[in-house]
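Participant: My structure is below; once you've seen it, I'll send some questions.
The values are calculated or read from the model by the stated rules, or taken from the named source; none is laboratory data. Quick caveat, the model's predicted, so the values are computed rather than measured. Cβ placement follows ideal geometry from the backbone for every residue including glycine, while neighbour counts extend to all protein chains displayed. Surface areas here come from the heavy atoms of the whole protein model, side chains and all, with no ligands, DNA or RNA. Shrake-Rupley method; radii C 1.70, N 1.55, O 1.52, S 1.80 Å.
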Amino acid sequence: MKKVFFIAGIVAAMAFTGCKDNASDKVKGENVEMAATRDENATVFPVLEFEETAYDFGNIARGTEVEHVFKFKNTGKAPLVIVDATSTCGCTVPSFPEEPVQPGETGELLVKYNGSGLNAVTKVVTVKSNTEKGTETVKITAFVQPTEGPAAQG
């Protein structure tokens, strides 16, 4: 039994005295600077700012194809990358720039609508990007009138 306590004591003494090196002495200053720069840049985002976020086509005949350009500017401090733009249905097709929009530069989001549906129509386009928020939306509206039949005559 004395041997067990003696061996346990020796192991404990070795464990507490074996790590004499100071870990902070092994940290490289250049790595700390790189990490600080990386962390600072992690808080820099582009800002997607639209001139307008809604557009009304007014009265259109059913089946009439219309389109509108939503102009925007990157008012942030990092390049803006639009990853995707989707609409609430297949009748509305957005297209966006594939190249990054640099800080201070402008871009355009083209939204095409095929005139389907009847009466008041609202379609929302969601733009996914590398902004801090991650998504922005624009909206188009129209009043779609029937092209034939009794309702078209009134």
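Participant: If only one of 80, 109 is among the aliphatic types (A, V, I, L, M) and touching a Leu at 6+ places or on another chain (Cβ under 9 Å), which one is it?
Facilitator: Among 80, 109, only 80 is among the aliphatic types (A, V, I, L, M) and touching a Leu at 6+ places or on another chain (Cβ under 9 Å).
Participant: Does residue 116 satisfy being open to solvent by 30 Å² or more (accessible area, probe 1.4 Å), at negative phi and at pLDDT below 95?
Facilitator: So residue 116 fits the description; yes.
Participant: Now for a different question. Tally the residues that are over 20 Å from the mean Cα position of the chain (by Cα) and among the hydroxyl-bearing types (Ser, Thr, Tyr), restricting the search to segment 93-143.
Facilitator: Within segment 93-143, residues that are over 20 Å from the mean Cα position of the chain (by Cα) and among the hydroxyl-bearing types (Ser, Thr, Tyr) number 4.
Participant: May I ask you to list the residues in segment 119-138 that are open to solvent by 70 Å² or more (accessible area, probe 1.4 Å) and of a type in the set (Ser, Thr, Tyr)?
Facilitator: 122, 137
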